[in-house]
1. Could you tell me how many of the residues in the range 57-79 are exposed (fewer than 14 other Cβ atoms within 10 Å of the Cβ) and over 29 Å from the mean Cα position of the chain (by Cα)?
2. Would you be able to say whether some residue in the range 386-393 is in contact with a Lys or Arg (Cβ under 7 Å, 6 or more places away or on another chain), more than 22 Å from Glu350 (Cβ to Cβ) and open to solvent by 10 Å² or more (accessible area, probe 1.4 Å)?
3. Could you check the range 550-571 and list, in sequence order, the residues that are open to solvent by 30 Å² or more (accessible area, probe 1.4 Å) and closer than 21 Å to Asp312 by Cβ?
4. Please specify each residue of the range 96-128 satisfying the condition of being in a loop (DSSP other than H, G, I, E, B) and either touching a residue at least 24 places away in the same chain (Cβ under 8 Å) or of a type in the set (Lys, Arg) (or both).
5. Output the residues belonging to the range 465-483 that are open to solvent by less than 70 Å² (accessible area, probe 1.4 Å), touching a residue at least 12 places away in the same chain (Cβ under 8 Å) and farther than 20 Å from Val497 by Cα.
6. Quickly run through the range 500-530 and pick out the residues that are open to solvent by less than 50 Å² (accessible area, probe 1.4 Å), closer than 30 Å to Asn71 by Cα and either of a type in the set (Lys, Arg) or assigned to a loop (DSSP other than H, G, I, E, B) (or both).
7. State whether one or more residues within the range 305-314 are at positive phi, within 21 Å of the chain's Cα centre (by Cα) and either open to solvent by 10 Å² or more (accessible area, probe 1.4 Å) or modelled with pLDDT of 90 or more (or both).
8. Being within 30 Å of Glu464 (Cα to Cα), open to solvent by 20 Å² or more (accessible area, probe 1.4 Å) and touching an Asp or Glu at 6+ places or on another chain (Cβ under 7 Å) is true for just one of His48, His53. Which residue is that?
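The values are calculated or read from the model by the stated rules, or taken from the named source; none is laboratory data. Please read all numbers here as calculations on a predicted model, not as lab measurements. Here the Cβ positions follow ideal geometry from the backbone for every residue, glycine too, while neighbour counts run over all protein chains shown. Surface areas here come from the heavy atoms of the whole protein model, side chains and all, with no ligands, DNA or RNA. Shrake-Rupley method; radii C 1.70, N 1.55, O 1.52, S 1.80 Å.
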Amino acid sequence: MNVRNQVLRGLPRRLVADGLLDEAVATAAVNDAGLAKISLIQHLVEAHLLTPHQVALATACEFGFPLLDLNALNLSACPRNLLDQKLVARHMALPLRRHMGRLSIAVSDPTDNRALNEIRFQAGMTVDLVVVEFDKLRTHVARFLDVHDDDIGSAVGGLDDIQLEQLVGDAVDAETMLDPDADDAPIVRFINKVLLDAIRRGASDIHFEPYEQRYRVRFRTDGILQEVAKPPPTLAPRLAARLKVMARLDISERRMPQDGRIKIRISKTRAIDFRVNTLPTQYGEKIVLRILDGGAARVGIDALGYEPDQRDAYLQALARPQGMILMTGPTGSGKTVSLYTGLNILNTAERNISTAEDPVEIYMEGINQVQVNTRVGLTFAESLRAFLRQDPDVVMVGEIRDLETAEIAVKAAQTGHLVLSTLHTNSAPETLTRLANMGVPGFNIATSVILIMAQRLARRLCAECKQIADLPHAVLKEAGFDSINMPLDQIRVYQPVGCAKCNLGYKGRVGVYEVLKITPAVSRLIMEGANSIDIGEAARREGFRTLRQSALQKVAEGIIGLEEANRVTTD
């Protein structure tokens, strides 16, 4: 039957009567929702025809159900083990309260009789419906399922003889992964869910860890590890085997570490790479997946958290025709993203850019990326030698680890090339003494290095729920706020609270930087063999800010909390 010829009734009639939609738009919406095989409510929200609140209010009025704002809901109080996870996810139905043989359920579409019948049958009790906004319901259902991740382990635990399927092609389609009927193997479905959950929650790493009496899966989110699932330890070999198959590793080799990659295509234009590393431990193979999102390097320099003068110093150094820019900091401090942000700025048709990396973490079109392979003799130093014979304009070395690599990089920076690289030191001034300790002469350091940036990543406070922390001036002074040239009575320190839109009061991360420009005064100290303390003091007289000062500046601006500044920096 042609929907367009039908008389509007129910919710679409209400929307027309209330003046929210005209009749033609309402009729078209009913037709489009039917063709897409989704509910009218979902279509109205996703097509931006109405706001979620407008749709929920009209639905509640039309069908006589109460309307609830899910932002006021405490998810931990929702009843557990009454409904199967698949049923909750499939029908977008959130259990709210169980009382006297009745179960309250939050839904956005109360007309879905099939869903209501399935819920009533499985719960074995009378079901009362409450209408909620579609977008909030989707978010809260996802969080509710995260809270119950432990149930995944028990669901997988009692199954035997699981068959592992070899993946075909270079990428896994996210839609296929999410389809529960696409693959009947519970191990496969479990791994797929973990990977997609990690992407959705913005995790940077996934840890699969076997122990004698238990097995755990952890996500590193905003720099902090959190346990998300506890499958039975008996499944450790099968979980490891599945991950190794996906990463195209040797599943028979369990005695040596291995490295591989997994790619998941989450849309037609975007794919997520996972760098996979296996490590033999006493009770099985620990497997860590690093999530590599190529889009992170294209967010733009303004999104990284540089103070205006720090950003300008980086851009000025990138505009130089020659010299060396060094990034320093511990593993996971964001050095790679900072480097690739600079490379993305430099990546034009007029420049020849080559990089030597171990491993290549982010693929960028227009840049010649070389994967270092020491087993065949392709080291950083050998790659650099080859680059210099390839007419380069810009060279990036993943890490300067030895004197040979340092000397070639310095020579390249002195002979008309812009060189970018990283070192593992705690601060920018210490990077200069580290190069000297490697054996690089002070004159070569002073005439090649033009900028050094040390960095850390701090958790950003959620703008929706952060609250002012009432701290006395003595505490602020002890923390070092008197060093940022801001009156103590004007400083407002915020603290995390936590809400439905964030992770325990935090949402995302921001960089904390110290940017050291090699000025003539600093150059003289380098050539005189000065230590990092003397260099740091000279730089501070010229406006250099330490990591601690930069972190406290972000605290004063309300971007991060004092506790987070103390976590990532020291006095």
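1. 2
2. Initial filter on the range 386-393 (in contact with a Lys or Arg (Cβ under 7 Å, 6 or more places away or on another chain)): 393.
With more than 22 Å from Glu350 (Cβ to Cβ) added as a condition, the list becomes none.
For the range 386-393, residues in contact with a Lys or Arg (Cβ under 7 Å, 6 or more places away or on another chain), more than 22 Å from Glu350 (Cβ to Cβ) and open to solvent by 10 Å² or more (accessible area, probe 1.4 Å): absent.
3. In the first step, residues of the range 550-571 are kept if they are open to solvent by 30 Å² or more (accessible area, probe 1.4 Å); the result is 553, 557, 559, 563, 566-567, 570-571.
Across the range 550-571, the qualifying residues are Gln553, Glu557, Ile559.
4. Just the residues of the range 96-128 that are in a loop (DSSP other than H, G, I, E, B), to begin with: 100-101, 108-112, 124-125.
Within the range 96-128, Gly101, Ser108, Asp109, Pro110, Thr111, Asp112, Met125 qualify.
5. Here is the first cut: in the range 465-483, the residues open to solvent by less than 70 Å² (accessible area, probe 1.4 Å) are 465-466, 469, 471, 475-476, 479-481, 483.
Next, only the ones that are touching a residue at least 12 places away in the same chain (Cβ under 8 Å) stay: 465-466, 469, 471, 476, 479-481, 483.
Selection gives Leu476, Ala479, Gly480, Phe481, Ser483.
6. The answer is Ala500, Cys502, Gly505.
7. As a first pass, look at the range 305-314 and keep what is at positive phi: 305.
This time we only want the ones that are within 21 Å of the chain's Cα centre (by Cα), so: 305.
Still in the list and also either open to solvent by 10 Å² or more (accessible area, probe 1.4 Å) or modelled with pLDDT of 90 or more (or both): 305.
Among the residues of the range 305-314, at least one is at positive phi, within 21 Å of the chain's Cα centre (by Cα) and either open to solvent by 10 Å² or more (accessible area, probe 1.4 Å) or modelled with pLDDT of 90 or more (or both), which makes the answer yes.
8. Values: His48 fails: touching an Asp or Glu at 6+ places or on another chain (Cβ under 7 Å).
Just one listed residue meets the conditions, His53.
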